[in-house]
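What follows is a set of notes on a single structure, which appears directly below.
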Amino acid sequence: MRKLEEIQKEEKQLYLKEETLSSELNQVKRVKESYDQHFYEARHFFDDICYQFNKNKQGNFYKSIFDEFSQKERQVMDYLENDEEELRIQKKKVLNQLEDIGYEKRKVLSEEDSK
């Protein structure tokens, strides 16, 4: 059985890792919100351009650019969502490990108290 010091050391490392993952998750959320706002503004810009040039041949050009933009936008947002999900999974694993460490720590403490 492991010593209490080893358990506490691992617990501290897991808390630091959990804190780091939370920070990274918040950062990804902020980036995602920022991109979402920029994409929203860009879509309106393209809509305005397509409307203004709808009656001539350039309208089709702007629509094709808008379609390409929409595809790239979706790729970026998918990447950010996948990154966010991966961080959530890692954080959940760390929290589960912390629960296990907490149980092991209580077990060691109760054994020390019973001696």
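A short reminder: the numbers here are calculations on the coordinates, not readings from a lab. All of these numbers come straight from a predicted model, not from anything done at the bench. With ideal geometry, Cβ positions are generated from the backbone for all residues, glycine too; neighbour counts draw on all protein chains shown.
So what's the angle, to the nearest 10 degrees on a 0 to 90 scale, between helix 4-52 and the longest Cα principal axis of the chain?
Helix 4-52 sits at roughly 10 degrees to that axis.
Please work out how many pairs of lysine residues in the range 10-109 are eight or more positions apart (or on different chains) and have Cα atoms closer than 13 angstrom.
So the count works out to 5.
Rounded to whole Å and sorted largest first, list the principal axis extents of the Cα atoms in the chain.
89, 16, 14
So for the pair residue 90, residue 78, with labels modelled 7 Å out along Cα→Cβ, what separation do we get in nm?
The modelled label-to-label distance comes out at 2.2 nm.
To the nearest 10 degrees, how steep is helix 58-114 against the longest Cα principal axis of the chain, on a 0 to 90 scale?
So the inclination is approximately 10 degrees.
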